[in-house]
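The structure appears right after this line, and notes come after that.
The values are calculated or read from the model by the stated rules, or taken from the named source; none is laboratory data. As the structure is a prediction and not an experimental result, all values here were calculated from the model. Ideal geometry is used to build each Cβ from the backbone, glycine not excepted, and the neighbour counts take in all protein chains shown. When the accessible area is computed, the model is the full protein with side chains, heavy atoms only, and any ligands, DNA or RNA have been set aside. Shrake-Rupley method; radii C 1.70, N 1.55, O 1.52, S 1.80 Å.
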Amino acid sequence: IENTTNAKIAVIDTETTLSYDLMAIGVVVADRESFTPLGKKYYIIDPTYKEPSMYYDKIFYTDSLPYRKLIKEKALSELKELLLSNNVNSIFAYNASFDYSHLPGLESFDWYDITKIAAYKQYNGKITDNMSTYSTGKLVRDYDVSSIYRLLSGKEKYIEKHNALLDALDELEIMKMLDQPFSVYEKARYIKKPAKKKP
């Protein structure tokens, strides 16, 4: 990963099996100011990736994706070390609650939900008055990765790849296209709700 003096962030995406077990992690380390990618890693969770999943054929999407095939505990440990060694303390994800829930051990990092910026009219300049939004400014529908990428890029045929690394790269690209400074994402901080106490 390219070494720079600027602060760094990470964009993370995960893929799971039909039983919601973690089977792949994609992570892109980027410059915090420009959102320029500085390096990437792709972890395939062994043996979980062999279990039935909706996007099994996307795991090995292309030969140009170098990967580390590791057991879950080893992959999570290596991922955490990667983030710490690159001075990353901010993790971004699209629908962050999903990825957060599948990555135990990363609770000490600051998490941010890209959706909370991308889906809101006040932050996404491509959301027009004729699109249905709630009083909060949030789109009523069509704010998944594919829809937002198409809206921002104008590429109407874009489809989310459902490969953890390629999706993380596309989610970082969404952040670049939104053209909002890092400070705006404070409004998108993901804070895990404490578990309800049993009566």
Margin query: Checking the structure you have, find out if any residue of the stretch 66-83 is in contact with a helix residue (DSSP H, G or I) (Cβ under 6 Å, 6 or more places away or on another chain), outside any strand (DSSP E or B) and either modelled with pLDDT of 95 or more or at positive phi (or both).
Written below: no
Item checked: Tally of residues being in a loop (DSSP other than H, G, I, E, B), of a type outside the set (Ser, Thr, Tyr) and open to solvent by less than 60 Å² (accessible area, probe 1.4 Å) across the stretch 13-51 -> 2
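Go through the residues of the stretch 116-138 one by one and say whether even a single one is within 20 Å of residue 41 (Cβ to Cβ) and buried (at least 17 other Cβ atoms within 10 Å of the Cβ).
The first filter runs over the stretch 116-138 and keeps only residues within 20 Å of residue 41 (Cβ to Cβ), leaving none.
Within the stretch 116-138, not a single residue is within 20 Å of residue 41 (Cβ to Cβ) and buried (at least 17 other Cβ atoms within 10 Å of the Cβ).
Given the options 90, 97, name the one that is at negative phi, open to solvent by less than 20 Å² (accessible area, probe 1.4 Å) and touching an Asp or Glu at 6+ places or on another chain (Cβ under 9 Å).
On the way: 97 fails: open to solvent by less than 20 Å² (accessible area, probe 1.4 Å).
Answer to the selection: 90.
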Note to self: Can you tell me which of (1) surrounded by 13 or more Cβ atoms within 10 Å (Cβ to Cβ); (2) more than 24 Å from residue 9 (Cα to Cα) is the one residue 156 doesn't meet?
What the structure shows: (1)
Notebook entry, point to check: List pairs: first in the stretch 23-46 and within 17 Å of residue 112 (Cα to Cα), second assigned to a strand (DSSP E or B) and open to solvent by 60 Å² or more (accessible area, probe 1.4 Å), Cβ under 7 Å, 6+ apart or cross-chain?
Noted result: 27/40; 27/41; 28/37; 28/40; 30/37
Next item on the list: Go through (1) of a type outside the set (A, V, I, L, M); (2) farther than 18 Å from residue 168 by Cβ; (3) without any contact (Cβ under 8 Å) to a residue 60 or more places away in the chain one by one and return the number of the condition residue 101 breaks.
Entry: (2)
